[in-house]
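Input: a single structure, listed below in structure tokens.
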Amino acid sequence: MSQLIECVPNFSEGNDLQIINQITAEIEKTEGVKLLNVDPGKATNRTVVTFVGNPNAVIEAAFKAIKKAGELIDMSKHKGEHPRMGATDVCPLIPISNISMEETAKYAQLLAKKVGTALNLPVYLYEEAQPNKSRNNLSIIRAGEYEGFFKKIKQAEWQPDFGPNEFDAKRGATVIGARDFLVAYNVNLNTTSTRRANSIAFDVREAGRVKREGDPITGKIVTDALGNPVNIPGTLKSVKAIGWFIEEYGIAQISMNLTNINITPVHIAFDEVCKKANERGIRVTGSEIVGLIPLKAILDAGKYFLEKQQRSTGVSEKELIKIAVKSMGLDELSPFNPDERIIEYILEDKLSSHLVNMSLNDFADETASESPAPGGGSISAYVGVLGISLGTMVANLSSHKKGWDAQWKYFGDWALKGQDLKKEMLRLVDEDTLAFNKIMLAFGLPKGSDEEKKIRTASIQDATKYAILTPFKVMQLAYQSMELMKEMAEKGNPNSVTDAAVGALCARTAVIGAFMNVRINASGLSDKEFIQQIMNDGEQIQDKAIKLEQEIIAITNLKIAQN
């Protein structure tokens, strides 16, 4: 698999769309990268751009964008709420797929050197790309901002890593680095006071605040025995925060950078700001994501808020996202479109999920057409999806059943298992059709020479083995899901016992149907040892599924008779 890195340059222009569009056009016309998001802010007069691609293409696109920004943006006229020091203020590279942080840092250094040399622009390295750890923090590098850098750049300790040590009045300076995925997150307050917003920011940010006697803002600074200021740390690790007033919205915000969402997730940051704001008589009214966010961060937030309500977390991705958006007010200032704000959804190849994105009518029509795919394998997988969905539904109904409050988490955990199985089985609906298509492609390879025949035969064998393993995985998942159906038939909401039973019927059908595909595809494979093993395992799964189905039907019939 190819290496993939993300680049999130911040340009000091958030109002003039013509300038913004000219900069992003440089990115879009670079082969090997994909522009994911452009997020301009009027009050901050700053645009956050996100794009991904292979490392060399990303460096090329970033270089061209930095060059264009320097041509179009005049920092001597720039005003905005966000700290800044250059036309391209900061340009981080983030490892996404099949690439280490160390490799990403080297690419950042290559980009920084190219910008400093070719564009004659002062460039500073930061985070993982900066070998000098005394100057790897962005806020320390940017201290003094544009106005203060004319003198700062002359100080020996603040010589640029690349480029001239003369501050460019028009373009400023640029900071380039490598870092982990960062979530830029703003929380909205029902106040216009920047001072009060800053007080909350100091409460929560990891750096905290300097300890003072009496008044926390104007009081005398408390020092230790060596005369150094005593610091009161904030409550949230891996969080940077400031307070500001956004004229565009007429409110103050807490602006945060969550530098490690595994340590402090978005939902924890939101709740902590709510707590600290409430202590100061201020109410949080909503929040906003700046740029993009990983899917897991949103799903974890949805689960967190459902658990606080003692509700089942075993619901669909769509429902979890809805809960997260509403709980944190992510749509208060502007609509939150998951397809445009969640990185995995933007990168998702819609063609690879052709069938599962169809309507029921279109799926049926496609199946009934003269095309041989989708066939029995994909249908078996989808029948398995329906079975798992029914079992999950019973778990959720049981979790929320009146009088069963003490069991909400027990059934909710079963529903969560069901959702995980459903997601994996849905993937196999399209995977089975793709496996069939791979066999057809292999049979279509040229066979004129002995070498071509050898390549064609090997390709057919590889594709056939893949076409066996895909329905075999369907068998495994479908049988595994029957544990859920049996548990729900025995202990779940008695009013839904037949739903659990129908789910079991679907799962058994998926097992038998998928095994038929395993058997017919195995007839074209030359690896007899592999065939024997897969047949033995498949027969065992099929026998156990048929037996378990009978047990679930017996439980169901007994409960029907007792009603």
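The values are calculated or read from the model by the stated rules, or taken from the named source; none is laboratory data. Since we're looking at a predicted model, the values are computed, not measured. Quick reminder, even Gly has a Cβ in these numbers, built from the backbone with ideal geometry, and neighbours come from all protein chains shown.
Beta carbons closer than 8 Å, at least 6 apart along the sequence or on distinct chains, pair a first residue in region 97-122 that is touching a residue at least 60 places away in the same chain (Cβ under 8 Å) with a second that is in a loop (DSSP other than H, G, I, E, B) and of a type in the set (S, T, N, Q) for Ser97/Ser2; Ser97/Gln3; Asn98/Ser2; Asn98/Gln3; Ile99/Gln3; Glu103/Gln3. Going by the conditions given, is Leu320 buried (at least 20 other Cβ atoms within 10 Å of the Cβ), under 30 Å from Ser97 (Cα atoms) and touching a residue at least 40 places away in the same chain (Cβ under 8 Å)? Judged against the criteria, Leu320 is not a match.
From the set of residues in region 374-402 that are aliphatic (A, V, I, L, M) and over 22 Å from Gln542 (Cβ atoms), which is surrounded by the most Cβ atoms within 10 Å (Cβ to Cβ)? Restricting to residues being aliphatic (A, V, I, L, M) and over 22 Å from Gln542 (Cβ atoms), the top hit is Ala395. Scanning region 195-217 for residues that are farther than 22 Å from Ile289 by Cβ and either in contact with a helix residue (DSSP H, G or I) (Cβ under 8 Å, 6 or more places away or on another chain) or of a type in the set (S, T, N, Q) (or both) returns Ser199, Gly208, Arg209, Pro216, Ile217. Consider region 112-152. How many of its residues are in contact with a Gly (Cβ under 6 Å, 6 or more places away or on another chain), outside any helix (DSSP H, G or I) and among the small types (Gly, Ala, Ser)? Total meeting the criteria: 1. Filtered by the rule that a residue be closer than 29 Å to Ile263 by Cα and part of a strand (DSSP E or B), region 213-247 gives Pro229, Asn231, Ile232, Val239, Lys240, Ala241, Ile242, Gly243, Trp244, Phe245, Ile246. In region 472-490, of all residues being closer than 25 Å to Gly377 by Cα and more than 29 Å from the chain's Cα centre (by Cα), the one that is surrounded by the fewest Cβ atoms within 10 Å (Cβ to Cβ) corresponds to Glu483. For beta carbons closer than 9 Å, sequence separation of 6+ or different chains, a first residue in region 1-23 that is within 25 Å of Ser97 (Cα to Cα) and a second that is among the aromatic types (Phe, Trp, Tyr), the qualifying pairs are Ile5/Tyr107; Glu6/Phe51; Glu6/Phe181; Cys7/Phe51; Val8/Phe51; Pro9/Phe51. Does region 142-154 contain at least one residue that is under 29 Å from the mean Cα position of the chain (by Cα), assigned by TED's automatic domain parsing to the domain that holds Thr47 and at pLDDT below 95? Yes, region 142-154 contains at least one residue that is under 29 Å from the mean Cα position of the chain (by Cα), assigned by TED's automatic domain parsing to the domain that holds Thr47 and at pLDDT below 95. On inspection, Glu81 passes the criterion of being surrounded by fewer than 23 Cβ atoms within 10 Å (Cβ to Cβ), outside any strand (DSSP E or B), modelled with pLDDT under 90 and in the same structural domain as Phe11 (by TED's automatic domain parsing).
Taking first residues from region 452-465 that are without any contact (Cβ under 8 Å) to a residue 60 or more places away in the chain and partners that are assigned to a helix (DSSP H, G or I) and surrounded by 15 or more Cβ atoms within 10 Å (Cβ to Cβ), the Cβ contacts under 8 Å between residues at least 6 apart in sequence or on separate chains come to Arg456/Ala442; Ser459/Ala442; Asp462/Ala442; Ala463/Ala435; Ala463/Lys438; Ala463/Ile439; Ala463/Ala442. Exactly one residue out of Pro95, Pro122 is surrounded by 23 or more Cβ atoms within 10 Å (Cβ to Cβ) and either more than 20 Å from Pro164 (Cα to Cα) or within 29 Å of the chain's Cα centre (by Cα) (or both): that is Pro95.
With respect to the stated conditions, Thr104 is assigned to a helix (DSSP H, G or I) and touching a Pro at 6+ places or on another chain (Cβ under 6 Å).
So is Gly32 in contact with a strand residue (DSSP E or B) (Cβ under 8 Å, 6 or more places away or on another chain), at positive phi and either surrounded by fewer than 17 Cβ atoms within 10 Å (Cβ to Cβ) or not assigned by TED's automatic domain parsing to the domain that holds Ile254 (or both) or not? Answer is yes for this residue.
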